[in-house]
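Peer 1: Input: one structure, supplied below.
Each value in this text was obtained by applying a stated rule to the coordinates, not by laboratory testing. All values reported here derive from a predicted model rather than from experimental measurement. All Cβ positions, even for glycine, are placed from backbone atoms using ideal geometry, and neighbour counts span all protein chains on display.
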Amino acid sequence: MGKITDALKKATEERMTRLEKLDSRDEVKYQFIAQKTVDSKIDPRIVAFYEPASPVAEQYRILRTNILALGTNKILKTVAVTSSIHSEGKTISCINFAISMAQDLNKKKILLIDADMRRGRIKSYLGINTELGLSDLLADKTTTEEEFISIGGIENLTVLPCGKYPNNPAELLGSMKFRNLLSLLKERYDFIIIDCPPIIPVTDANIIGPLTDGVVMAVQAGRTQRGVVKNSEAILKQANTKLLGYIITNVQYHIPAYIYRYL
């Protein structure tokens, strides 16, 4: 173990010791699973829905502000959310971000697309009971718009689930039909958020990325190695995809009570 690693470890241990000594009355811990305040099938981790005034939900509003600020020269219409590898929290972050966008007082029409046709989870997290979705549209199995779902209790948000898992997701996403569909949706909605599969295991994010105004990458703190993230950046760059920024997930820390009360 190198000197730098030892120093970082020591600094972390000292910080944790200081935190443990804090009076519990003067600190508030971030809650990553919300208390269900309404009767809903939506997953408790969708904090922007259950506890929009919480510090965690505020972080997604900050993300919303930062993303929209990037559109000073060119208005952003489509943003893809991905990660380097599986299980980094990209889908939960994607849903919370979409709800934060829908809660904007400008009443923008937000569309959330689950383009992970390999193991999409948006339908499960939002309690959507449908088998139809994006894969069915692209495979010509249906010509209706029954796949578009408006979530109860969330105004201005429409969801397009992933649909049945096809045998050829990359080919469907690379088809002209997907390009045409995305162009049509850009005309109907003010802002589109696309949940993509991870970058390194499969090619889907590299197909979708160039068709959007940019990509946001979820990175799980304490798990994803720097080299893996750098490799993902290189892959996106090679695909001519603009990397807008990062969402750091699984960050747990304490904040002073006076800041919590202000929020």
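Peer 1: Residues Ser84, Ser124: which one is crowded, with 20+ Cβ neighbours inside 10 Å and among the hydroxyl-bearing types (Ser, Thr, Tyr)? It would help to see each step written out before you state the result.
Peer 2: Values: Ser124 fails: crowded, with 20+ Cβ neighbours inside 10 Å.
Exactly one of Ser84, Ser124 is crowded, with 20+ Cβ neighbours inside 10 Å and among the hydroxyl-bearing types (Ser, Thr, Tyr), namely Ser84.
Conditions (1) within 29 Å of Asn66 (Cα to Cα); (2) charged (D, E, K, R); (3) in a loop (DSSP other than H, G, I, E, B); (4) free of Cβ contacts under 8 Å to residues at least 12 places away in the same chain, marked per residue:
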| position | (1), (2), (3), (4) |
| --- | --- |
| Ser87 | yes, no, yes, no |
| Ser93 | yes, no, no, no |
| Lys107 | yes, yes, yes, no |
| Gly120 | yes, no, yes, no |
| Leu137 | no, no, no, no |
| Ile154 | yes, no, yes, no |
| Gly163 | no, no, yes, no |
| Lys177 | no, yes, no, no |
| Ile199 | yes, no, yes, no |
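Matching residues to (1) under 18 Å from the mean Cα position of the chain (by Cα); (2) in a helix (DSSP H, G or I):
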residue: Ala205; (1), (2): yes, yes
residue: Ile208; (1), (2): yes, yes
residue: Ala218; (1), (2): yes, no
residue: Arg223; (1), (2): yes, no
residue: Lys230; (1), (2): no, yes
residue: Leu236; (1), (2): yes, yes
residue: Asn240; (1), (2): no, no
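Peer 1: Here is a follow-up. Output the residue which, of all residues in the range 212-227 that are buried (at least 17 other Cβ atoms within 10 Å of the Cβ) and not hydroxyl-bearing (Ser, Thr, Tyr), is farthest from Pro169 (Cα to Cα). I'd like the intermediate steps shown before the answer.
Peer 2: In the first step, residues of the range 212-227 are kept if they are buried (at least 17 other Cβ atoms within 10 Å of the Cβ); the result is 212-220, 224.
Next, only the ones that are not hydroxyl-bearing (Ser, Thr, Tyr) stay: 213-220.
Details: Asp213: 22, Gly214: 21, Val215: 19, Val216: 21, Met217: 21, Ala218: 22, Val219: 24, Gln220: 25 Å.
Per the criteria, the residue is Gln220.
Peer 1: Leu181: closer than 20 Å to Gly209 by Cβ and out of contact with any strand residue (DSSP E or B) (no Cβ under 8 Å at 6 or more places or on another chain), yes or no?
Peer 2: yes
Peer 1: Give Ser83, Ser150 a once-over and let me know the one that is closer than 24 Å to Ile200 by Cβ and either in contact with a Pro (Cβ under 7 Å, 6 or more places away or on another chain) or not hydrophobic (A, V, I, L, M, F, W, C) (or both).
Peer 2: Being closer than 24 Å to Ile200 by Cβ and either in contact with a Pro (Cβ under 7 Å, 6 or more places away or on another chain) or not hydrophobic (A, V, I, L, M, F, W, C) (or both) holds for just one of Ser83, Ser150, which is Ser83.
Peer 1: Right, another one. How about the range 169-197: which of its residues are touching a helix residue (DSSP H, G or I) at 6+ places or on another chain (Cβ under 8 Å), more than 22 Å from Ser100 (Cα to Cα) and of a type outside the set (A, V, I, L, M, F, W, C)?
Peer 2: Pro169, Gly174, Ser175, Lys177, Arg179
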